Each structure stands twice: as structure tokens, then as C-alpha cells.
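One structure below.
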Amino acid sequence: MILRVALDVPVPKLFDYRAEDVTRADIGRRVVVPFGKKRLVGLIIDIAAESEVPASRLRVAETILREVAPLEREWLELVKFCSSYYHRPLGEVTAAALPPRLRAPGPVPDPPSEYALTQAGRDALAAIAPRARRLRALLTRLAAGAVSEADLRGDVRGARALLRRGVEAGWIVPIAVERPEPRFEGAHELTPEQREAVGSLRTQLKKFGVSLLFGVTGSGKTEIYLQLIAEVLAQRRQALVLVPEIALTPALENAFRARFPGACIVTQTSASPELERARGWLLAHRGAAHIVLGTRLAVFASLPRLGLVVVDEEQDISFKQRDGVRYSARDLAIARAQIAGVRVILCSATPSLESFHHASTGKYDLVSLTRRAIREAEMPEMRLIDTRVHSLRDGFSAPLLEAVSTRLARGEQSLVFLNRRGYAPVLACPACGWVKGCARCSAHMVVHLTEQRLRCHHCGLAESIPRACPECGNPDLQPFGRGTQRVELSLGEKFPEARILRLDSDAVRARSGLGDLLERATQADILVGTQILAKGHHFERLTLVGVLNADAGLFSSDYRASERSFAQLQQVSGRAGRANLPGEVLIQTRYPGHPLYQSLVKHDYPGFARSLLAERREAGFPPFVFEAVLRAESGEIARAMRFLRSAVERAPTRRASIVLYDPAPMSLARLAGVERAQALMQSRSRARLQEFLREWSDTLYRMPAQGVRWHLDVDPIEF
Ligand code: ADP
Ligand code: ZN
Ligand code: ZN
């Protein structure tokens, strides 16, 4: 028999191997095969009687890994869809979809189990020498009842080795964890809007369909999907929940555990330790996990009894994978729900224009929540501060400073929001105009005063701060612009008695993670933060949000910038006044008349979204056209451009409905020493664009590489 195997190599085909004793039941299993001089783990996609490869050249598969049940048809359909839609070899997609541990030939990690003491173990405990203190501690702990390895390791030093010894001696036995039925606890009594939403969604769970759950921050969207998940679990099915931020998953996981006691909840993020990720993945694959919670890669969890998919903050760009297989987890979540024949719920207070458009044309079901769930928590009052009238000192207008001191006097909390970390975004020489750029990127280096370093926010390069201008020798180099560190320092001067805490990714790294920082944040009087603060946190005493530098997103060359800007401003505004204290949001801007701000202060996202959609329709941008880019990366821009030009020359000629633009360097042309250029294509028909890409990529794979790495990016978000 011939195995057709997907292997993680950049060749768009399956590889054939000979094998004996295989049946169709092995489709979806992993297999170890020789490849050149290496051994690779691949996935069996098909079994055939014969191969196009001559028998003399066919190699024999080494081992079929049968300890894991085969991946099911639905999962295989998902990766095949991903491969064909994003034009990446199936082997690369399956490799990206499986946890690293399952891509290697080693043994599969055991499911987490608990350990119990045998009678022999009890006898041993009675007879044990007092000197063997740790062994005694371990056996004593087990004598009180079954314990997981993780708990034992927390309690007894060297527990792992001791456990192994105990098991070998027959004193200790692993036992499968017995799980009680999952329960759902602490359900809120729903508001009328929520009740209506749950009521209508509940009846639609068993069929494919996309619902856009569009509700203002604090309207109780989470509560709605938790109740629907409870429903799904009661039907003995599994739920998949995708969230954008790795940093937020621990908090969310705890919230889920509190609400679903007894449920097996598995998290999948790229930050999870490999072993944990593989174990979690296997629990889901075996059908034991009730809920899989994770970031974009969790969309590939194997869920044989999938009953519901939720994508929270569906507009978030972190759902788009930026390298390797460049998939959108939101879009794959929809494909996945379709394959499984279940409902997918996209949640957002500021939906992506794509989803908003589909909801307004009726392709998606729209479920709207217009009020906050907690009755006392009204929407915050929004005010624009015209900085042409109120001049800025150290970045602050007088009304904002006043508002902060009022909060200080009342013992309430203020948040100063600025989406730029570091001390200053530019270091320049006022004498000759020299500006410090990154040696590896087409970007400026950012001054970080707390570490006395310059850092590139694109590639991470760090350098010490020069003492003088390398061009003219002027020792008086000036930091220009303002980042969170600088704002923190100015606030410290203005409010010396206030407890000020900076929350950005530098602070997260410097301390022991976001959780620790958020803990401290509840004590602070003034928080200075970037968008890591904007999402999902509740601060009881927070009643003022001040936004500095909001205009940055207004005039970007990226047509998605204003949509994102609105989302971010609304999200951060949502931090004000969540409990029973009314909130106020002050936004400093030079353009108070701009439609973005006018809609924002009225809490009118639909109005803003409609006006953006009209612009997009006019200008011929998504969602009214579909886009893809062919991107080339090389040490030299000329090479990348040359490759793209010859690729464009060889593009399929039948392309009435495709517009293919001339290649151009990307807006951030140089990144970490690599020059990047791309050719954009657009079409009003997704099907036509796909057809075109399919034909073109066949040609591209056959073109000589010319010292260039290339890839297609479908539905790109970077230009
Ligand atoms: P969203 O996800 O829409 O921003 P959440 O689901 O986080 O909103 O809800 C905001 C707050 O309101 C949470 O503290 C939540 O516990 C609370 N909440 C949600 N629904 C209700 C309800 N029906 N009654 C009382 N409190 C609720
Ligand atoms: Zn100079
Ligand atoms: Zn750089």
C-alpha cells in the first residue's frame, strides 16, 4: 500500500511512501518517514493502491504512530481548507496546527493523572526510616488521598524522581483522573437584552451560522457566551473560545474555572510550555476537554464533539498570523464552524468592518446589546479637549490635569492612555538634523530612559545612548516626542504625592508578568498605560481616562488605521466607571471635528462604521474587494524587486477581474536586516482571486529562488 503523507517542507505536494499492514483507519495518524537524510513526522492524508512515483524510488515508511487516535475528517478538512485558501503546502499547515511535541518522533505525553498509595505503599510508609524525610512526606501526602503530579511537585522537593521510585517499587499507582460532571455556577440574572440574545442564539446552536454579538463594553457579552457554553456542555459537546491576548488568558481561564467547576478546561497559546500544550491538545483530541480556550493557534485544536465556537474581540489584528502560514484565526473559526455544522459567535464592541458589513447585509445574524449590564454603570461621559485652544505642557492640557487632581482628591483612580512605550520615540540632533535610526530596520530607535538604552520596537535591537551626535559632534542630543516613561515622569513631578504605576509591555517584562502588575494597579492613584490596559480589566475605582496623542491614528497610510483607532479608544474609554462610580473620558485632539471623534463621543460605532464602509466602497477597498500580496524578502531590495517583476511577468494572463499592481517596497521596507517588497492584487470576486492565486503559485514554486524568499499573503493586513 502507498501512504500519502503531508510533510513540513516547502513543497506543495504530498509525499508517497510504501507501507504494510495499513488500512484506511490510519488516515489522520502520524507517521515517521525517512526524508533525505532526516527522519520526519508527517501526517497520513490518504492511502492509495499505487503511486505515480516509480516503485524503485519509493521509500518505506518507518513507523505509524498509533498511540494517538487518528485526526478526524473534520479536522483534516480544516487544514486542507487552510492550505488551499492561504496557498501553503498542506504539510506546513499541519505542522503549524499540531503542538511541537506531536511533530517529533518521541513518545506522546501521558494524560495528566493522579497517584494513589497501594497497600504495599502503606506498609512501606509505616516501616520507613525517619531519615528518608522527603519520601516520607510524599507517601504521607498520598496516604491522605489521590494527588496529581503537579500538586506533589509543589509540595515535595524532588517529587518526580521519588514518584518514579515509588511506582517501580509498587508502592504508588497512577490512576485516571475522575472528573465530576461540569457544572455552571454564578449565572447572572440576565438583563432583558441579554435574555433576548441568549434566547435567540440558543435555538441556533445546532446548525452552522455566524452571529455577530455586537455590544458596548460592559454589556455582558461574556455572560451571554458563558451561558451558551453551559448549554453546549449539557449536550455533552465541546466549546472552543478564541481570545486575542496571551496576557489575558490566565485571568480568563480563572474566570472560566470559577464559572464551570468540574469542567476540564484546556488552554492553548504559544506561551504554554510544550508539554502542557501537548497534554491539553490531547485531552481535547480525546474528547475529555470540555472547553478549549486560547489564542489564534487554538483554532486548530482537535475537537471531536465541537458544539460552539466563540471569537472574542473578533476585530483584533492579533488573530492574523504574521509569519509562516498567514491565516486569520477568525476566518478559520468560521470555516471550522461550517465544517462542523455548528454556530460561531463573533463578539465585539467595535466589530471589524468586514463583519459589520456581513451583519448589515444579512450574511451574519446580528445580535446587539446597547446597554451596560450593571444597571448603575452608565456609559462614560466623553469630552474632547481641543489642543489648539488648550495648549499642552509636557503633553498635558490644563483641563486634563485638573480632572486628575479632582480624582486624587476624591481617592479615585485615573488612567492616562498613550499608545507608545519608552521615553521618547526619536533621538535627534537639533544642530544638524541627524536622527538615530535602527541599523537593521527602516525605523527610528526609541529612547528607553529606565534602562538607559535605545531600542528598536520592530526588531528588538538595543544599543547604549550615544553621548554626542555622530555627524557633527554636538553633545546635546534631544529626545523628541513622548512615550509612557516620559509621561510617568512628568506626572510624578506634577503630582508628587500620587502613587503612579506604568503598565506597558516593558513593565510587564520587568516585573513578573501582567497578573502581578494588575494586582499592584488596584492600589495606584494614576495608571499610565498602553493598549495592554485597554482590554478586559476591571478597576473598581477608575473614573477618569485621559487620552494623549489620540490623533496618531487619524492620518495613517493604512486604510484600517482609523477603524483600529476607534476600537482602541472605545476600549480604553470602557475602563472608566465600570462599577457604581460614573466615568469620564477626556481626549486631547487637534481635530475635535473629525468624524471619528464625533462618533466616539456619541458612542455611535454603527454610524462611524457606515461612513467608513461608504469610503471603502468608493475607494475600492475591502470588504468590497478581496486582496492578496506576493511578498519577497531578500538581503537586497533590488533582488526582491527583480524577483517580483519577473513573477508579475509570469502571472496568469487570463485575469479580466484581477488588478495586479506593480511591485513596491513595503512601508517598513527593511525589517531586522531583511528588505521586503510586495505586489498587491485585488479582485471583486474572491473565487476569481483564489483561482488566479492557485495558478500563479504553481508557477512561483517552479521559479528559481534568486536569493529571495517569497510567500503569498491572502487578506493581508500589512502593506
Ligand atoms: P462585555 O464582555 O460585554 O464587556 P462582561 O460580560 O465582561 O461585558 O460584563 C461586564 C460586567 O457586568 C461584568 O462584571 C459582569 O459580571 C457583569 N454582568 C454581566 N451580565 C450581568 C447581569 N445580567 N447582571 C449583573 N451583572 C452582569
Ligand atoms: Zn548633529
Ligand atoms: Zn530594528
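Numbers at a glance
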| item | result |
| --- | --- |
| Under-5 Å amide H pairs with residue 684, H placed in peptide plane, nonlocal only | 626 |
| Structure-based [θ]222 nm, the chain - -39500 (n - 2.57) summed over DSSP H runs of at least 4, per residue, nearest 500 | -10000 deg cm²/dmol |
| Protection-proxy order for peptides 291-299, 657-665, each taking the mean of Cβ atoms within 10 Å per residue, highest first | 291-299, 657-665 |
| Residue-normalised accessible area of the chain, given per residue in Å² at a 1.4 Å probe | 46 |
| Charge dipole of the chain about the Cα centre (unit charges at C-beta), most positive-ward option of 527, 171, 109 | 171 |
| Segment 43-117 shape via C-alpha gyration tensor axes, a/c threshold 1.5 | oblate |
| Peptides 121-134, 76-89 ordered by average Cβ neighbours within 10 Å, highest first | 76-89, 121-134 |
| Segments 138-150, 675-687 sorted - mean Cβ within 10 Å per residue, highest first | 675-687, 138-150 |
| Percent of Cα-Cα distances greater than 45 Å, calculated over the chain | 31 |
| Förster radius 30 Å - calculated FRET efficiency between residue 510 and residue 318, Cβ distance, rounded to 0.05 | 0.85 |
| Separation between Cα centres of segment 369-402 and segment 608-642, rounded to whole Å | 34 |
| Sequence-distant residues sharing a close amide H with residue 503 (under 5 Å, placed H) | 528, 529, 530 |
| For segment 496-644, convex hull of alpha carbons as volume per residue, Å³ | 193 |
| Portion, in percent, of the accessible area of the chain that falls on carbon or sulfur, probe 1.4 Å | 49 |
| Fraction of antiparallel bridges per DSSP, the chain only, in percent to nearest 5 | 55 |
| Magnitude of the charge dipole, the chain, Cβ model with Lys/Arg +1 and Asp/Glu -1, debye to 20 | 1240 |
| Spatially close lysines, pair count over the chain: Cα under 23 Å, gap of eight or more or interchain | 16 |
| Within segment 521-587, GluC sites (Glu not before Pro) in DSSP loop having at most 13 other beta-carbon neighbours inside 10 Å | 540 |
| Net dipole in debye of segment 1-129 [+1 Lys, Arg Cβ; -1 Asp, Glu Cβ; about Cα centre; nearest 20] | 480 |
| Debye, to nearest 20: dipole size of segment 139-232, +1 on Lys, Arg Cβ, -1 on Asp, Glu Cβ | 420 |
| Filtered GluC sites (Glu not before Pro), segment 327-404: DSSP coil and at most 11 other beta carbons within 10 Å | 376 |
| Charge-dipole axis of the chain as Lys and Arg at +1 and Asp and Glu at -1 on Cβ define it, positive-most pick from 205, 459, 188 | 459 |
| Over 18 Å [Cα-Cα, segment 277-327], rounded percent | 37 |
| Built amide H within the under 5 Å cut-off of residue 148, gap 5+ | 115 |
| Dipole of segment 214-336, positive end: most advanced residue of 285, 335, 227 [Cβ charges, Cα centre] | 285 |
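The values are calculated or read from the model by the stated rules, or taken from the named source; none is laboratory data. Keep in mind it's a predicted model, so treat the numbers as computed, not measured. Quick reminder, even Gly has a Cβ in these numbers, built from the backbone with ideal geometry, and neighbours come from all protein chains shown. What goes into the accessible areas is simple: the full protein's heavy atoms, side chains included, and nothing from ligands, DNA or RNA. Shrake-Rupley method; radii C 1.70, N 1.55, O 1.52, S 1.80 Å.
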